[in-house]
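Step one of this worksheet: look at the structure below.
What follows is calculated from the coordinates using simple rules that are stated; it is not laboratory data. Since this is a predicted model, take the numbers as computed values, not measurements. Cβ: placed from backbone, ideal geometry, glycine included. Neighbour counts: every protein chain shown.
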Amino acid sequence: MRVGVPKEIKPNEHRIGLTPTAVREYVSHGHEVFIEKGAGVGAGFTDAVYERAGATILPDADAIFKQSQMIVKVKEPQPVEWARLTKDHILFTYLHLAPDPEQTKGLLESGCAAIAYETVTDSKGGLPLLAPMSEVAGRIAVFSAAETLLKHNGGMGLLLCGVPGVQPARVVVLGGGVVGINAARMAMGLNAEVVVMERSIPRMREIDDIFLGRVLTRYSAIDSIEEEILKADVVIGAVLTAGAAAPKLVRKEHLKRMKPGSVLVDVSIDQGGCFETSKPTTHADPTYVVDGVVHYCVANMPGAAPRTSSEALNNATLPFGLALANQGLDALKKDPHLARGLNVLHGKLTHPAVAEALGMSFDDPYKAWKQ
């Protein structure tokens, strides 16, 4: 198969869909790989390194899309990229369609087959292609919160870790999944007080065992969330429902009662955000203030560490990408977990949570949702 990797064009996005290591694997399986000129430079991978791995360098994105049968990216395609997709393309990338009707419309009109990393599953019900970026985002969320708490960045002027004799910041993490666990680990490592809000009692037991009781857990209910966010210096939104829009756990009316200069970090922003007042921001302009509370809602947090993120992502996506390259869409017939990654096929929505979020019907061509 002819596999193309365009340069990411979302603002401040420097990750790349295939690393040189992954390219070598594809080539060893008999596939042709095309890399857009300069696409890997932001992650530290030169064109020469890609050529040594067996890739062909093409001058621009138009050439990549025209030459390729499968497009491998990191972030959701932008409008100019929707126009380049056709019914003959397989698109393999993060999509996050639930809060994005315009992108959904563009992909439906293109006729392509679009497979989303974030809805591919595994035998344990996990999301293996979302997990590595969730790990990175959870850790970056704490670094970003610590920076944002500083006075010159709009925060209350609190040092996250405190010093001897001075209390550290209180960090409340909404959600005990991969993002939440990694955020809790980093915050605890920086000596913050950490509370994880979670609805799964078994998961809370796991968290208690992992952190030996150093991280507090509370059952996530309306009352307990409200109580904790009013005491918090930092709130990290780390909730996820696969394919669906994130629930709004912090309401606008809460903000006036929160500590002035406290910080909200919304890692769920790709799925619409879990704070009512969230709106996407960029690394270049990451924060804004509502009712005295600083919001950090960067929609591609792992993009700040493109080398680490690209390598971690490729470690997870490589087996699935190779299956698609080796077998085309027949790979979805053989692997229901990969089939659950299919969000769009030839003008139809194929993921129930995405369809529900957008108020549309869905089709199940590979019977992935009947198993």
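Over the range 32-127, the pair-distance histogram of Cα-Cα distances with 10 Å bins from zero comes to 15, 42, 31, 12, 0 percent, rounded to whole numbers.
By the Stokes-Einstein formula, at 1.306 mPa s and 10 °C, the range 131-304 with its Kirkwood radius over alpha-carbon pairs has D equal to 102 µm²/s. Candidate cross-link partners of Lys348 among the aspartates and glutamates, defined by an alpha-carbon separation under 12 Å and a same-chain spacing of 8 or more, comprise Glu109, Asp363, Asp364.
State which entries of Lys124/Lys333; Lys66/Lys105; Lys73/Lys367; Lys37/Lys248; Lys105/Lys367 exceed 29 angstrom in Cα-Cα distance in the structure shown. Present the calculation step by step, with values, prior to reporting the outcome.
Working: Lys124/Lys333 19 Å; Lys66/Lys105 21 Å; Lys73/Lys367 26 Å; Lys37/Lys248 41 Å; Lys105/Lys367 23 Å.
Violating the 29 Å Cα-Cα cut-off are Lys37/Lys248.
Which whole-number value in Å³ per residue fits the convex hull of the alpha carbons of the range 232-299? The partial results should precede the final answer.
Working: hull volume 4.7 nm³, N = 68.
It comes to 69 Å³ per residue, whole-number rounded.
Quick check: net charge around Asn191, other residues with Cβ under 14 Å of its Cβ, Lys/Arg +1 and Asp/Glu -1?
Surrounding charge for Asn191 is +1.
A simple spin-label model places pseudo-atoms 7 Å from Cα toward Cβ; at Leu150 and Gln67 they are separated by 4.4 nm. Cα-Cα pairs above 37 Å in the chain: how many percent? Roughly 22 percent, once rounded to a whole number. Amide H contacts of Ile236: Val172, Val173, Leu174, Val265, each under 5 Å away and 5 or more positions distant or on a separate chain (H built 1.01 Å from N in the peptide plane; Pro and chain starts excluded).
Counting residues in the range 236-371 as N, plug N into 2.2 N^0.38 Å and put the Cα Rg over that result. Mind showing how you got there, number by number?
Numbers: Rg = 18.6 Å, N = 136, 2.2 N^0.38 = 14.2 Å.
For the range 236-371, the normalised Cα radius of gyration is 1.31.
What are the aspartates and glutamates whose alpha-carbon lies under 19 Å from the alpha-carbon of Lys259, with same-chain residues fewer than 8 places away excluded? Here the aspartates and glutamates satisfying the reach criterion relative to Lys259 are Glu147, Glu193, Asp223, Glu226, Glu227, Glu228, Asp233, Glu276, Asp291. With the simple spin-label model, which puts each label point 7 Å out from Cα in the Cβ direction, the Asn315 to Asp122 separation comes to 1.2 nm. Among Asp233, Asp47, Asp62, the ranking by other beta carbons within 10 Å of each residue's beta carbon, starting with the fewest, stands as Asp62, Asp47, Asp233.
Can you give the angle from 0 to 90° between the axis of helix 306-327 and the longest principal axis of the chain, with both taken from C-alpha atoms, to the nearest 10? Helix 306-327 sits at roughly 40 degrees to that axis.
Calculated on the alpha-carbon coordinates, the convex hull of the range 1-80 measures out at 77 cubic angstrom per residue.
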